[in-house]
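Accompanying notes for the structure given below.
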Number of protein chains: 2
Amino acid sequence: MSESERPAGYDPRDYDPVSVTVDVVALTIRDGALHVLLVRRGNPPYAGMWALPGGFVRGVRDAEDLPDAAVRELAEETGLNAEQGQLERIHLEQLGTYGTPGRDPRMRVISVAYLAFAPELPDPKAGGDAADAAWVPVGRLGLTDGGDQAPGTTRRLAFDHAQILVDGLERARGKLEYTPLATAFCAPEFTVPELRAVYEAVWGEELHAGNFHRKVLSVPGFVESTGTTSDRGGRKGGPRPKLYRAGDARLLHPALLRPSREEEIR
Amino acid sequence: MSESERPAGYDPRDYDPVSVTVDVVALTIRDGALHVLLVRRGNPPYAGMWALPGGFVRGVRDAEDLPDAAVRELAEETGLNAEQGQLERIHLEQLGTYGTPGRDPRMRVISVAYLAFAPELPDPKAGGDAADAAWVPVGRLGLTDGGDQAPGTTRRLAFDHAQILVDGLERARGKLEYTPLATAFCAPEFTVPELRAVYEAVWGEELHAGNFHRKVLSVPGFVESTGTTSDRGGRKGGPRPKLYRAGDARLLHPALLRPSREEEIR
DNA sequence: ATAATAGTGTCTCTGAGACAGTATCGG
DNA sequence: CCGATACTGTCTCAGAGACACTATTAT
């Protein structure tokens, strides 16, 4: 810290004002597809455009920690509430901080982005400052790796939120490889095919059912059997799959690596 | 963003003031041991204690991007300068943001931490607000996984910098596994034994020389031969090792996994 | 009945790690 | 000369992926 050249009673209000926000990339699986929670902005700038839910961190009065701010914004702008335990099972982790000058046209804003993973949740109710809120399929956003929109895509995200979303997706894809995070997208009891559907939705590619099954069961602590069986077979037939709970592993060893990432190596 | 309930000409100065700093975990290898760059604080709080180099982000006047602020603080407080290219070959990446209320006893400060990797650099000259600056062997800090100090350790770090350092070390250890980052600790031309020494210093365990050698050469794009040979053998004898440059790979595939991390899995 | 699915068996190939062996260097 | 070191060869074992096969379910 290099603040020591300033007087001891130094008040940041007199100095270089920076605003701090949190933005949340909240992901879930719906109908077998990866969805992100977006809100439609009610006011300028970017009025009418979709954006990640987020808002100012309470800095001094009612000072709150950054993860608390993320949860609060998630609740405020979507109507999800803690009383019903809807926020209980949400995995939250810090994604990164975005502070390039000019990213907000009005003033200097530094945003701490969080990544949230949730099992299937109800449709959000617009609240707080959001004119609207919805789970949006990630595939329909036409994102490219650079965070820009693909040609012909009309939907855009406010600020640099497209880049934040791309970074969040890449983080999520990687985390599925070496952590049991995929179970956070599932109900408390789930089947191996359901777990595979999570991997396929997030990674965007089909996996070999048989090898995936054997692999999941062979990783120590990934899943543990409940001894029970689902009450229905697959959607188009097949035996009733067994039910599992999340195990106690924090890391998957060996990891479940994504097939064929040759293009990302160089 | 939830600022829309505020008037359009809203000035953050009138609102909840938050200060933003950057702190840098700068790592290098000296004499076969991992070192971190620390500065001794000249002013309260924590006067006389060691801390990570860092300082305020210029927010509005001369607004600077976050990585630029990290490089500037690194230069200011250590005397390393860009003219001599000392900052050229430094790898810099964002580590995380620390904003728990109370982490700075004076006011609400949110700090964006950066992680820097450098080849061997000269001793720093204290500058800026630092009373002193030095490369300190990480092993002598007595850090535990939780970021607290081990019993009997007198040296402590200011603020929550011990935790930031622990997080940075863990990030560095992981990054060596699946990226060619270790080459950033080496001179432009290096030998396989030198590269192995980097892994051993960061991971804190000895590696099998023969298997390491074969593994490094088998990963596509990790290193490329210069065709030349070092002018001296190992420190206690042995053939002259061949010289290599960093290759063009961005990811190591297959990865070089750390041996025996059983304890971290559960 | 038919098609789709859950789950298992088997084979092959890659790669990690243990170990041995050879050539080359410093002291 | 001696010991340490740079590499290379070889063997074994674990694991990933392709494929095949059976049993069970929805339609």
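The values are calculated or read from the model by the stated rules, or taken from the named source; none is laboratory data. This is a predicted model, so every value here is computed, not measured. Cβ: placed from backbone, ideal geometry, glycine included. Neighbour counts: every protein chain shown.
Output the qualifying pairs, or none if there are none: Cβ atoms under 6 angstrom, residues six or more apart or on different chains, first residue in the range B:245-258 and on the phi > 0 side of the Ramachandran plot and facing chain A (nearest Cβ under 9 Å), second residue basic (Lys, Arg) and within 16 Å of DNA strand D (Cβ to nearest atom).
Correct list of pairs: empty, since none qualify.
List pairs: first in the range B:223-241 and under 13 Å from B:VAL192 (Cβ atoms), second β-branched (Val, Ile, Thr) and modelled with pLDDT of 85 or more, Cβ under 7 Å, 6+ apart or cross-chain?
B:VAL223/B:VAL216; B:SER230/B:THR191; B:ARG240/B:THR229; B:PRO241/B:THR191; B:PRO241/B:VAL192
In the range B:221-238, is there at least one residue being within 14 Å of another protein chain (Cβ to nearest Cβ), away from DNA strand C (no atom under 11 Å from the Cβ) and out of contact with any Pro (no Cβ under 9 Å at 6 or more places or on another chain)?
yes
Of B:ALA126, B:ALA47, B:ALA118, which residue is within 30 Å of A:ASP65 (Cα to Cα) and either of a type in the set (Gly, Ala, Ser) or modelled with pLDDT of 90 or more (or both)?
Matching residue, one of B:ALA126, B:ALA47, B:ALA118: B:ALA47.
Please go through (1) within 14 Å of DNA strand C (Cβ to nearest atom); (2) touching a strand residue (DSSP E or B) at 6+ places or on another chain (Cβ under 9 Å) for A:ALA201 and return the number of the only condition it doesn't satisfy.
(1)
Across the range A:51-63, what is the total count of residues that are at the interface with another protein chain (Cβ under 7 Å from one of its Cβ atoms) and of a type in the set (D, E, K, R)?
Qualifying residue count, the range A:51-63: 2.
Any idea how many residues of the range B:167-183 are under 13 Å from B:ALA249 (Cβ atoms) and free of Cβ contacts under 8 Å to residues at least 24 places away in the same chain?
The qualifying residues number 1.
Check A:GLY234 against each of (1) within 12 Å of DNA strand D (Cβ to nearest atom); (2) over 19 Å from A:ALA33 (Cβ atoms); (3) not in a helix (DSSP H, G or I) and name the one condition it does not meet.
Unmet condition: (2).
Which residues, taken from the range A:200-210, are surrounded by fewer than 21 Cβ atoms within 10 Å (Cβ to Cβ) and within 17 Å of the chain's Cα centre (by Cα)?
A:GLU200, A:TRP203, A:GLY204
Tell me which of these A:ARG214 doesn't satisfy, since it passes every other one: (1) closer than 22 Å to A:PRO254 by Cβ; (2) charged (D, E, K, R); (3) more than 9 Å from DNA strand C (Cβ to nearest atom).
Failed condition: (3).
Return the residue satisfying two criteria in turn: it lies in the range B:88-102 and is in a loop (DSSP other than H, G, I, E, B) and at negative phi, and of such residues it is surrounded by the fewest Cβ atoms within 10 Å (Cβ to Cβ). Quick ask: steps written out before the conclusion?
Of the residues in the range B:88-102, the ones in a loop (DSSP other than H, G, I, E, B) are B:88-90, B:99-102.
Still in the running and at negative phi: B:88-90, B:99-101.
Values: B:GLU88: 7, B:ARG89: 14, B:ILE90: 19, B:GLY99: 26, B:THR100: 17, B:PRO101: 18.
Here the answer is B:GLU88.
Among the numbered criteria (1) modelled with pLDDT under 95; (2) of a type in the set (A, V, I, L, M); (3) part of a helix (DSSP H, G or I), which one does A:ALA8 miss?
Condition not satisfied by A:ALA8: (3).
Would you pick out the residues in the range B:36-54 that are within 17 Å of B:ILE90 (Cα to Cα) and outside any loop (DSSP other than H, G, I, E, B)?
Residues satisfying the conditions are B:VAL36, B:LEU37, B:LEU38, B:GLY54.
Can you pull out the residues in the range A:94-108 that are under 15 Å from the mean Cα position of the chain (by Cα) and in contact (Cβ under 8 Å) with a residue 40 or more places away in the chain?
A:LEU95, A:GLY96
Being of a type in the set (A, V, I, L, M, F, W, C) and outside any loop (DSSP other than H, G, I, E, B) is the filter; apply it to the range B:64-87 and report the residue that is nearest to the other protein chains (Cβ to nearest Cβ).
Within the range B:64-87, the match that is nearest to the other protein chains (Cβ to nearest Cβ) is B:LEU66.
Of the residues in the range B:218-266, how many are farther than 27 Å from A:ARG266 by Cα, surrounded by fewer than 16 Cβ atoms within 10 Å (Cβ to Cβ) and not hydrophobic (A, V, I, L, M, F, W, C)?
Adding up the residues that qualify gives 16.
Among (1) within 13 Å of DNA strand D (Cβ to nearest atom); (2) not in a loop (DSSP other than H, G, I, E, B), where does B:GLU264 come up short?
(1)
In the range B:56-79, which residues are surrounded by fewer than 24 Cβ atoms within 10 Å (Cβ to Cβ), touching a strand residue (DSSP E or B) at 6+ places or on another chain (Cβ under 9 Å) and within 16 Å of B:ALA133 (Cβ to Cβ)?
Answer for the range B:56-79, where residues must be surrounded by fewer than 24 Cβ atoms within 10 Å (Cβ to Cβ), touching a strand residue (DSSP E or B) at 6+ places or on another chain (Cβ under 9 Å) and within 16 Å of B:ALA133 (Cβ to Cβ): B:VAL71, B:ARG72, B:GLU76, B:GLY79.
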